[in-house]
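Inspection log for the structure reproduced underneath, given as C-alpha cells.
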Amino acid sequence: MTSGLRKGLTAYGDAGFSLFLRRAFIKAMGYSDDALDRPIVGITNTYSDYNPCHGNVPQLIEAAKRGVMLAGAMPMVFPTISIHESFAHPTSMFLRNLMAMDTEEMIRAQPMDAVIVIGGCDKTLPAQVMAAASVDLPTIVIPVGPMVVGHHRGEELGACTDCRRLWSAHRAGEIDADEIEVVNGRLAPSVGTCMVMGTASTMACMVEAMGLALPMSATIPAPHAERIRIAEASGRRAAAMAVSGEPRPSALMTVSAFRNAQVVMQAIGGSTNGLIHLTAMANRTPVRIDLEAFDAIGREVPVLVDLKPSGDHYMEHFHHAGGVPKLLRELGGLVDLDAPTVAGGTLRDIVAAAEDVPGQTVIRTAASPVKPTGAMAVLHGNLAPRGALIKHSAATPRLLQHTGRAVVFESIPDMAARIDDPDLDVTADDVLVLRQAGPKGAPGMPEAGYLPIPKKLGREGVKDMVRISDARMSGTAFGTIVLHVTPESAVGGPLALVRTGDIIRLDVEARRIDLLVDEAELASRTAALPAATRPDWAARGYARLYHDTVTQADQGCDFDFMLAP
Ligand code: FES
C-alpha cells in the first residue's frame with residue numbers, strides 16, 4: 001500500500017509523472033527530500049477570525065506539529081471550513097454537513113497517513129468525527145478546550161447559560177441597560193468553547209469517552225499550558241499512528257463506544273444536541289443509535305457531574321476534579337472499560353490513572369448523585385410519533401407532568417412578532433408551541449426551542465413554562481422544554497395540526513407528549529394541510545442539497561446519501 005507523498009496521486013494517466021510533479025511543486029515550499037519521504041500527518045486548520053472559540057487553534061497546530069516532528073513524521077496543515085454558533089446564518093446546524101463533507105473530501109484528496117482534527121465549537125467536532133468515520137484513516141481529535149469562567153459582582157459567569165439567565169432578567173426589568181452591557185463584556189473572558197455543559201463540552205466529553213482523543217482532552221481550559229502540551233502529545237501519537245496504520249476510527253467507533261458515549265451524555269447532564277450529533281456519527285458507521293435504548297440508559301444512569309445548566313459548576317472545575325477519566329471511574333460497571341482508545345490501550349488503563357482529588361464535589365459518586373437518573377428522556381405520543389426529547393435535569397420538576405392550553409406560533413418570525421405583545425392571550429399554565437423550526441422548516445433546525453417567557457409573564461415572576469417545538473435548544477439553556485418533535489411540522493408532522501386553544505398533556509414519567517384532540521378532527525386537519533413544495537430559499541446550491549436530502553432529528557439530520565450501510 002502506498003504511503004506518504006505517494007498516496008492518492010493526481011490523475012494524469014502517468015503515476016511516475018504525477019509524483020514527479022507533486023514533489024516539484026511542494027519543494028517550492030522549501031521542504032527537503034528527507035522531510036518529503038516521512039510519513040505524513042495531516043492537521044486541520046479551523047482557525048477563523050469569525051470563530052473566537054477556535055482562537056487558540058494556531059497555538060495548538062504549532063504544538064501538534066512539534067509533536068509530529070519530535071516523533072519523526074511530517075506534519076502538513078490544511079484548512080477546512082470553520083463554524084461558530086453566533087456567526088453562521090441561518091444556523092450552524094445548517095452547515096454541519098457541509099463541514100463534514102469538506103473535511104472528509106480534503107482528508108481523502110490529500111496525501112496523509114494519519115490526521116489530527118482540531119475543533120470544538122458546537123458543530124465542528126461532530127462534523128469532523130462524521131468525516132473521520134467515513135474516511136476511516138487513523139484519526140486523533142484535539143478539542144480546543146473550554147473558556148475559563150467570567151466574573152461579575154462576585155458571581156461566576158458562564159457562556160451561555162448565564163447569557164440567557166441574565167438576558168431574561170434584563171427582559172423582566174431586573175437588570176438595566178448599563179449593567180447588561182457590562183455583563184456582555186464578561187460572559188466570554190477567553191478563547192475556547194462555552195464553559196458550561198453545552199453542546200461543545202458534551203461533544204468533547206463524548207469524544208474523549210469514545211477513545212477518540214487523549215485522556216483529559218475534553219476539559220483542559222483553552223488558555224492553559226496543559227492544553228498546548230496535550231496537543232504536542234496528540235501530535236506524537238498521530239505520528240505513531242501514521243506509521244502503524246492503527247487504530248482506525250472503525251476500531252474505536254464500536255457499539256460499546258457509542259453506548260459509553262450515551263452513558264456519559266446522561267451522566268454529565270449533556271446537551272440535547274449531543275443526541276442528534278451522536279446519531280449522525282453512528283450513522284457513518286454500522287452502529288445505530290436507538291432512542292428507546294438511550295431512554296433506558298437515562299433511567300439507569302445518574303447525573304454525576306455538577307455543571308451548569310443542570311448543576312452549579314463550570315468545565316474548569318470538572319477538569320480540576322479529575323475530568324472524564326474520574327467520571328468513568330465513578331460510572332464503574334455502567335461503561336465498558338474494555339473499549340479501546342486512540343492512546344493505544346483501553347478505557348481501563350485510563351480509569352486506572354484517574355486522579356483522586358480530595359474534597360472535590362463536582363464529580364459525584366453513584367451513592368451521592370446530582371440527580372438519581374439521567375439528564376434526558378425520550379418522549380412519544382400522538383404529537384411526536386418518531387420521538388421528542390426533554391432535558392428534564394434542567395427543567396422545573398412540577399412542570400414535568402402538566403396539562404395546558406396550547407398557544408401556537410406559526411414560525412420563528414411569528415413568535416418574535418407576538419411573544420411580547422401585551423395583548424397576547426397567554427397565562428403561566430399555557431403551553432407555548434413553535435412550529436416550522438425543524439431541520440427543513442426554518443431551515444437548519446435553529447436553537448429556538450428555548451422560547452422566551454412572554455415579557456408580561458416574566459414581569460410577574462414567571463421563570464419557566466412548558467414549551468414544545470421541532471427546533472433544537474442550546475445545550476447551555478434550561479427550562480421545561482420539549483424539543484426535536486419528529487417528524488417536524490414542515491413535512492406534515494402532527495405539530496402542524498395544533499391550534500391555539502387545544503389541550504396538550506406532557507407526562508415525562510410516562511414518556512408521553514399528546515395532543516388531546518380526537519382522531520377524526522386530527523384527520524380532517526391533516527387533509528387540509530397544504531402540499532409540501534420546495535421553498536424559495538432552497539432553489540439552488542447547497543441549500544437545495546440540504547433541503548432535498550436532510551434527514552429528521554431521529555436520524556441525526558445528516559444527508560440521506562451519507563449514511564453507512
Ligand atoms: Fe462556540 Fe459556544 S459558541 S462553543
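Quick note: the coordinates plus some simple rules give every number you see, no bench work behind them. Quick caveat, the model's predicted, so the values are computed rather than measured. For neighbour counting, all protein chains shown are included, and Cβ atoms are generated from backbone atoms with ideal geometry for every residue, glycine included.
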Margin query: Students often check this: by mean Cβ neighbours within 10 Å, which of 118-128, 422-432 ranks highest, and how do the rest follow?
Written below: 118-128, 422-432
Check: Taking a label point 7 Å from the Cα of Lys7 along the Cα→Cβ vector, which residues of region 260-297 have an amide N closer than 20 Å to it?
Finding: 285
Next item on the list: Have a look at the DSSP beta bridges in the chain and tell me what percent are antiparallel, nearest 5.
Entry: 45
Check: Taking a quarter of the surface of the convex hull around the Cα atoms of region 264-325, what do you get in nm²?
Finding: 4.8
Margin query: 5 Å is the cut-off here: which amide hydrogens, built 1.01 Å from N in the peptide plane, fall below it relative to Gly381, excluding neighbours closer than 5 in sequence?
Written below: Gly387, Ile513
Margin query: Give me log10 I(q)/I(0) at q = 0.16 Å⁻¹ for region 100-209, Debye formula, one equal scatterer per alpha-carbon, no solvent.
Written below: -0.75
Check: Per Stokes-Einstein, at 10 °C and 1.306 mPa s, what whole-number D in µm² s⁻¹ belongs to region 128-277, with the Kirkwood radius over Cα pairs as the hydrodynamic radius?
Finding: 93
Check: For region 399-542, what value does the Rg/Rh ratio take when both radii are computed over Cα atoms and Rh is the Kirkwood radius, given to two decimals?
Finding: 0.96
Next item on the list: Please name which of Gly501, Met195, Ile140 has its Cα lying farthest along the dipole of the chain towards the positive end, using unit charges on Cβ (Lys, Arg +1; Asp, Glu -1) and the Cα centre as origin.
Entry: Ile140
Notebook entry, point to check: Pulled fully out, how much extra length does the chain show between Arg229 and Ala528, if you take 0.36 nm times their separation in residues and subtract their Cα-Cα distance?
Noted result: 101.5 nm
Note to self: No partner Cβ under 4.7 angstrom, meaning no disulfide-compatible partner by this rule: which Cys of the chain qualify?
What the structure shows: Cys194, Cys205, Cys557
Next item on the list: Could you tell me the distance between the Cα centroids of region 342-372 and region 277-330, to the nearest Å?
Entry: 13
Item checked: region 1-110: trypsin sites (Lys or Arg not before Pro) falling in loop per DSSP and having at most 16 other Cβ within 10 Å -> Lys7
Next item on the list: Determine, for each peptide in 163-174, 476-487, 33-44, the mean count of other beta carbons within 10 angstrom over its residues, then list the peptides with the highest first.
Entry: 476-487, 33-44, 163-174
Note to self: Longer than 24 Å from Cα to Cα, which of Lys371/Lys463; Lys308/Lys456; Lys440/Lys463; Lys123/Lys440; Lys308/Lys440 are they? Say none if no pair is.
What the structure shows: Lys308/Lys456; Lys440/Lys463; Lys308/Lys440
Check: Hey, if you put +1 on the Cβ of every Lys and Arg and -1 on every Asp and Glu Cβ in the chain, which of Tyr31, Ile297, Val378 ends up farthest toward the positive end of that dipole?
Finding: Tyr31
Item checked: Residues whose placed amide H lies under 5 Å from that of Ile142, excluding near-sequence neighbours -> Val117, Ile118, Gly119
Check: Given q = 0.08, 0.12 Å⁻¹, what are the Debye log10 I(q)/I(0) values for the chain, with equal point scatterers placed on the Cα positions and solvent ignored?
Finding: -0.53, -1.14
Checklist line | region 368-520, dipole about Cα centre (Lys/Arg Cβ +1, Asp/Glu Cβ -1), debye to the nearest 20 | finding: 520
Checklist line | Karplus-derived HN-Hα couplings along region 95-105 (A = 6.51, B = -1.76, C = 1.60, θ = phi - 60°), whole Hz, x at Gly and Pro | finding: 9, 4, 5, 5, 5, 5, 5, 4, 5, 4, 5
Item checked: Principal axes of region 266-371: Cα extent on each, largest first, Å -> 42, 33, 24
Checklist line | Selection of GluC sites (Glu not before Pro), region 486-554, meeting DSSP coil and at most 13 other Cβ within 10 Å | finding: Glu509
Notebook entry, point to check: Which distance in Å, rounded to a whole number, links the C-alpha centroids of region 425-440 and region 1-64?
Noted result: 50
Item checked: Helix-only [θ]222 nm of the chain, DSSP H runs n ≥ 4, -39500 (n - 2.57) each, per residue, nearest 500 -> -10000 deg cm²/dmol
Next item on the list: Set the Förster radius R0 to 60 Å, insert the Cβ-Cβ distance between Asp414 and Asp356 as r into 1/(1 + (r/R0)^6), and round the FRET efficiency to 0.05.
Entry: 0.65
Next item on the list: First obtain the Kirkwood hydrodynamic radius of region 189-321 from its Cα pairs, then insert it into the Stokes-Einstein equation at 37 °C and 0.692 mPa s, and state the resulting D in µm² per second as a whole number.
Entry: 209
Note to self: Regarding region 1-139, what's the average projected area of the Cα-atom convex hull, expressed in nm²?
What the structure shows: 9.1
Item checked: Highest to lowest packing among 546-559, 299-312, 202-215, 398-411, scored as the average C-beta count within 10 Å -> 202-215, 299-312, 546-559, 398-411
Margin query: Using the Cα centre of the chain as the reference point, and only Cβ charges (+1 on K/R, -1 on D/E), how large is the resulting charge dipole? Debye, rounded to the nearest 20.
Written below: 980
Check: Each label point is 7 Å from the Cα along the Cα-to-Cβ direction; what then is the distance between the points at Asp536 and Lys455, in nm?
Finding: 2.9
